[in-house]
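The values are calculated or read from the model by the stated rules, or taken from the named source; none is laboratory data. From a predicted model like this one, the values you see are computed outputs, not experimental measurements. Positions of Cβ are generated from backbone atoms using ideal geometry, with glycine treated the same way; all protein chains shown enter the neighbour counts. Side chains are part of the model used for accessible areas, which takes the heavy atoms of the whole protein and leaves out ligands, DNA and RNA. Shrake-Rupley method; radii C 1.70, N 1.55, O 1.52, S 1.80 Å.
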Protein chains: 2
Amino acid sequence: MPDLDLEEFRRLGHQLVDWVAGYRAGIAGLPVRSEVAPGWVRSQLPAELPEHPQPFEDLLADVDRVVVPGTTHWQHPGFFGYFPANASLSSLLGDILSGGLGVQGMLWSTSPACTEVEQVLLDGLATALGLGREFTFAGGGGGSIQDSASSAALVVLLAALNRSSGGDWRETGVEGTECVYVTAETHSSLAKAVRVAGLGARALRIVDPSPGSRAMSPSALAAAITEDLAAGRRPVLVCATVGTTGTGAIDPVPEIATVAHEHGAWVHVDAAWAGVAALCPEFRYLLDGVELVDSFCTNPHKWLLTGFDASMLWVRDAAALPDALSIIPEYLRNAATDSGEVVDYRDWQVPLGRRFRALKLWAVVHSHGLEGLRAHLRGHVALAAEFAGRVRDDPGFTLAVEPSLALVCLRVVTGGGDAADDAASRTVLERVNATGSALLTHTVVDGRYVIRVAIGSVATEAQHVRALWEQLVTTAAQVRAEAAAAR
Amino acid sequence: MPDLDLEEFRRLGHQLVDWVAGYRAGIAGLPVRSEVAPGWVRSQLPAELPEHPQPFEDLLADVDRVVVPGTTHWQHPGFFGYFPANASLSSLLGDILSGGLGVQGMLWSTSPACTEVEQVLLDGLATALGLGREFTFAGGGGGSIQDSASSAALVVLLAALNRSSGGDWRETGVEGTECVYVTAETHSSLAKAVRVAGLGARALRIVDPSPGSRAMSPSALAAAITEDLAAGRRPVLVCATVGTTGTGAIDPVPEIATVAHEHGAWVHVDAAWAGVAALCPEFRYLLDGVELVDSFCTNPHKWLLTGFDASMLWVRDAAALPDALSIIPEYLRNAATDSGEVVDYRDWQVPLGRRFRALKLWAVVHSHGLEGLRAHLRGHVALAAEFAGRVRDDPGFTLAVEPSLALVCLRVVTGGGDAADDAASRTVLERVNATGSALLTHTVVDGRYVIRVAIGSVATEAQHVRALWEQLVTTAAQVRAEAAAAR
């Protein structure tokens, strides 16, 4: 028997569940950011793999001794970096089921429930978000769980290339005249998708923002498209972002879609972080214009309590991805596929195999209900509003841009001018991170250094956001005093 | 508190571990293949998502009522289809840890242990397999865990395109003259990678096999390359397969690599299924020629006890993938990346985010030791040899090709000629699958229908393979009798 004895699995499984509970119970007491040096983790583990079975307890001991100190704790309540990753415990329960079943959902026929539970959930969430019936399977579209918004952007670009070429792309590849439109704030995954798809960076058009905003200017988009058409190039895809990574900017989807469609370009909405908030009626404006777009992506693994990886991608035309991606070798042929009655999700993604990821999303939706999910989102938005209010009211700080949902971008004000403010902001961020009680990351807006406070970790509550504010105030005061003393 | 209470998580976590243990304990009594009709699973679940939290026990009840009958049981001991997927219980323990930690390993700095444990393991497994020091980080190469061999093939193709263009590919994309060489037996993921990369199917060269074999002919490869060069085309990548999906054929890597390198093409070895067997000295011949290739891929999630997804990809040049794939926006900049001392695995893959997949692989290697893994592999190869012997000795069957490791390809012999044998083989396969005690899949070799018996499920033991043989004998006898009666 090459596998664990079932009783041994029960014993160890319970022990591991308890380990996870203990880890989460104590996580607030750990430094958020790992302070180990490059190579430390490797130096702590034997280079040679064991010849013989080792007690599982030894691995757990190594996890405590090496992995935990070598880990940046994304589930820590003081995690305000990047966008948080919501690995809730209800999601983990669903993932244990998925691992226990151990099925491969590449084809409908290789595990019908793996496909159909995903269809039910994505249809249900499309409705709950207000995406409209045309993005559900019943309405001729449909959704799928991708590993990430990066992969979603790639497959959407491929579908757009295929459609734009009338299907020739599958046989003859890209032509070198295709263009993709983004802004300087668009996630780097779009630039990566353009590269992966063989278009090269020259195909990427960085469209200017509207004056005074960080959102794509529809008239600049129209001008860029006109210029490309005049030069014999082909507009293939426009990516509108709802909630950019840097500052949470929201591109004007209705106007962008109108311009893009005049010229036959696919419109993709990347709402990786912000999109889930549309579950709340007061944030449904995030979907304005979605009735005009071809695809929409948002990630439960960022802010909807679901463990990475779970990125939801909906398309208006359920045939678009299979048209672009399907290749059927003999060993994958089967009656269900031939019938045309089923969805084979392998044709919606680059990898062939796929896990039963819908179970963790199902566990989350089931355990919290839509009202629970809304409360989670609203709680963070309220904390961000409170935090932004303090920034606004304190002359020692300034908002770099208006807050967007649960993302607040700020700078330290020193009175010494832009360069001094930027240096102080950087120093404050580094000192806060070094304390281990919070983790912040930065961006650069119009050449200025900006501290991002992304509220959204599952465990983050009012006390943690308030403690962060106190720490920022104290640290900035120190930094200002040091600067004054040095002058 | 939007997440589960920790005591509730403990209680439910234990319950789920027990559910998994119970599922695995009873799995042999379930029909391997789900017999539900398209739409049945959807019809059994409410279309509307719940507004309020629901008891987890209700979800488990739905899993028992809908998901289990809607699932094809890949962990069933009678699963002989495709290649099995090894979701061992030790792997699941590691994955529970990963889910509990909930970290994001996109950059070294976002969780050093997530990167370095993977490096230690991949270096250790490179050594254990006999890949050679040049594929380890210490030797200037290195390994990473990809989600699948499909994604591995794609990133390798991108690195080859980048290298072949001297880096111009990143800016100007593909030229349309690039060529990729495979055989008719190569996995369809290569054709998909060629399509995704924007080359189109016209870039794919299907190289003939050597006479009397299903393996790529080095002289045919040389001829194809010469012809392409003469026509102004550019050989970019040759994929050699060690253990094809259809029949387990093994391309002659040393000769292929020699031909390919004369013309600067990247050589990738796709050993997705078979490669792990090189852990056993008697199967190390599978790596013959690997010292000449650029990259090598094998999947622990197929036959090395590790739950999907875990595909190991090693490259000889650790800079090759980052050179092709790296894009650094401001919000991902950090001191560790700037130092050049660390590996940022996001640059080895298409998605930005990544789970801590190394923990499940670590749990497997740790729990079984290399000797345990070898015993697992050897056990299945021995069962396949025994099974193939029965096929060989029975005039009612014939081996379609010589067995390859744990894969046996056979046909039913009726005495009525090829068409009758093909029809009988198909009928026998369908009837065996319909009983629910075993799952077989097929392929077509030289136009002939072939039953594949892929031995490799974690739970498969001698009794299950012997029972399959008895069932094949009995079913084939019935089918022959029916055919005789109908004449």
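I'd like the FRET efficiency for residue A:419 and residue B:202, computed as 1/(1 + (r/R0)^6) with the beta carbon distance as r and R0 of 60 Å, rounded to 0.05.
In this case the efficiency is close to 0.65.
Work out the length of the dipole vector of segment B:365-486 about its Cα centre, built from +1 on the beta-carbon of each Lys and Arg and -1 on the beta-carbon of each Asp and Glu, and round it to the nearest 20 debye.
That gives a dipole near 160 debye.
Report the paramagnetic label zone for residue B:483: residues of segment B:378-416 whose backbone N is under 12 Å from a point 7 Å from Cα along the Cα-to-Cβ axis.
B:396-398, B:411-416
Give the span of the protein assembly as shown's Cα atoms along each principal axis, as three whole-Å numbers ordered largest to smallest.
96, 65, 54
With only Lys, Arg, Asp and Glu charged, each at its Cβ (+1 for the first two, -1 for the last two), find how big the charge dipole of the protein assembly as shown is about the Cα centre; round to the nearest 20 debye.
My answer is approximately 40 debye.
Quick one: Debye curve from the alpha-carbon atoms of segment A:200-315 only, equal weights, vacuum; give me log10 I(q)/I(0) at q = 0.09, 0.20 Å⁻¹ to two decimals.
Cα-only, vacuum Debye calculation for segment A:200-315: -0.25, -1.10.
Mind checking how much accessible area B and A bury in total, 1.4 Å probe, in Å² rounded to 100?
Roughly 13500 Å².
Starting from the amide H of residue B:181, placed 1.01 Å from N in the peptide plane, find each other amide H under 5 Å away whose residue is 5 or more places distant or on another chain.
B:205, B:237, B:238, B:239
Keeping all protein chains in place, calculate the accessible area per residue for segment B:103-355 (probe 1.4 angstrom), answer in Å².
27
Computed FRET efficiency, Cβ-Cβ of residue B:330 and residue B:25, R0 41 Å: what is it to the nearest 0.05?
Taking R0 as 41 Å, the efficiency between residue B:330 and residue B:25 is 0.20.
Tell me, in nm to one decimal, what length is gained between residue A:230 and residue A:11 on full extension, where the rule is 0.36 nm per residue of separation less the Cα-Cα distance?
71.9 nm
If you take the alpha carbon radius of gyration of segment B:365-486 and divide it by 2.2 N^0.38 Å, what ratio comes out, to two decimals?
1.13
Ranked from highest to lowest mean number of other Cβ atoms within 10 Å per residue, what is the order of the peptides A:392-399, B:172-179, A:40-47, B:243-250?
B:243-250, B:172-179, A:40-47, A:392-399
Would you mind computing, in nm to one decimal, how far apart the modelled labels at residue B:444 and residue B:223 are, each placed 7 Å from Cα along Cα→Cβ?
Using points 7 Å along Cα→Cβ, the separation is 2.5 nm.
Please give me the summed charge of the neighbours of residue B:104: other residues whose Cβ is under 9 Å from its Cβ, Lys and Arg +1, Asp and Glu -1.
Cβ neighbours under 9 Å give a net charge of +2.
Provide the per-residue ³J(HN,Hα) series for segment A:424-439, in order, calculated from phi with Karplus coefficients 6.51, -1.76, 1.60 and θ = phi - 60°, each as a whole number of Hz, with x at glycine and proline positions.
5, 4, 5, 5, 4, 4, 5, 5, 4, 4, 5, 6, x, 8, 8, 10
Among bridges DSSP assigns within segment A:103-355, what percent are antiparallel (round to 5)?
Looking only at bridges with both residues in segment A:103-355, the antiparallel portion is about 40 percent.
Residue by residue through segment B:330-335, which ³J(HN,Hα) values in whole Hz follow from phi under the Karplus form 6.51 cos²θ - 1.76 cosθ + 1.60 (θ = phi - 60°), with glycine and proline marked x?
Whole-Hz 3J(HN,Hα) from phi for segment B:330-335: 4, 6, 10, 5, 7, 5.
May I have the convex hull volume per residue, in Å³, for the Cα set of chain B?
178
Taking the mean number of other Cβ atoms within 10 Å as a proxy for protection, how do you rank A:327-335, A:369-377 from highest to lowest?
A:369-377, A:327-335
Highest mean first, what order results for A:473-483, A:297-307 on Cβ atoms within 10 Å?
With the highest mean Cβ count within 10 Å placed first, the list reads A:297-307, A:473-483.
Could you tell me which of the pairs A:302/B:302; B:302/B:360; A:192/B:192 are separated by over 22 angstrom between their Cα atoms in the structure shown?
Distance filter (> 22 Å) returns A:302/B:302.
Below 14 angstrom from the Cβ of residue B:177, what's the summed charge of the other residues (Lys, Arg +1; Asp, Glu -1)?
That works out to -2.
What distance in nm separates the simple spin-label points at residue A:213 and residue B:172, each placed 7 Å from Cα in the Cβ direction?
3.8
With contacts defined as alpha carbon pairs under 8 Å and 6 or more residues apart, what's the relative contact order of segment B:46-128 in percent?
10
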